[in-house]
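Structure first, commentary second.
No value in this document is a laboratory result; all are computed from the given coordinates. As the structure is a computational prediction, the values presented were derived from the model and not from experiment. Note: ideal-geometry Cβ built from the backbone for every residue, glycine included; neighbour counts use all protein chains shown.
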Amino acid sequence: MWNYTSFQISANKELVDHFKKYAKISGVIFIILGLIGIFFPAFMTITAVLLVSYLMLFAGVSSAWFTWTTHRRDWAGWLKSLILIFVSMLMIFYPLNGAATLGMLLSVYFFVNAFAEFGLAFSQRPQSIWWLWLINAVISLGLGLIFLIGWPFTSLYLVGVFVGFSLFFDGIALLSSGMFLDKIIQKDES
């Protein structure tokens, strides 16, 4: 979207207007959630663990229902369902162990996120906001490295802090992107 010409932005005005609006709204929400995670890291960690746990539980129950309705003799479908349900229950009843597991998964996420954002930053390089995505990528990479140093002992607070920082900077990047589109459209209209 960032490499569009003025003509393409004008032709897709409705899409751009929706993106601008929702990028700004999402950016503000992400900034608020990020600040909550930064100032209350244990709360954000337990919230993240429970969210992931319940999503896994839902996936396990859904998989079991799908296996039941489509192919009841599919042992692999039942195994997948039972593993998802079992792991989700372990994380629900033992959230600190879940925090350590989630911490390692988030570390991998931060590394993948960093490399994706490096690509996004360099693909936007002629634009004036490319450096925001570059900073976001460097921060994600740094968070992944910091987490690996103290894992698993620091999981309880680092998961919350890292999720908070990631949400905060993603929010700033989204909000800035929406404002950047405002400037482009105002420039084209004048």
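Things to note:
- Degrees between helix 155-189 axis and first principal axis of the chain (Cα, 0 to 90, nearest 10): 30 degrees
- Size descriptor for the stretch 110-173, Kirkwood hydrodynamic radius: 12.1 Å (Cα pairs only, one decimal).
- Square roots of five times the Cα gyration tensor eigenvalues for the stretch 24-96, Å: 34, 16, 6
- Its convex hull of Cα atoms gives the stretch 66-190 a direction-averaged projected area, equal to a quarter of the hull surface, of 11.7 nm².
- Selection among Gly103, Leu90, Pro152 by position relative to the dipole of the chain gives Leu90 as farthest towards the positive end (Cβ unit charges, Cα centre).
- The chain: calculated mean residue ellipticity at 222 nm from DSSP helix runs of at least 4, using -39500 (n - 2.57): -31000 deg cm²/dmol
- Normalised by the number of residues in the stretch 1-127, the mean separation of alpha-carbon contacts (under 8 Å, six or more apart) gives a relative contact order of 24 percent.
- Approximating the spin labels as points 7 Å out from Cα along Cα→Cβ, the Phe153-to-Tyr22 distance works out to 4.5 nm.
- The stretch between Leu105 and Leu79 holds 7.2 nm of extra length on full extension. This uses 0.36 nm per residue minus the Cα-Cα distance.
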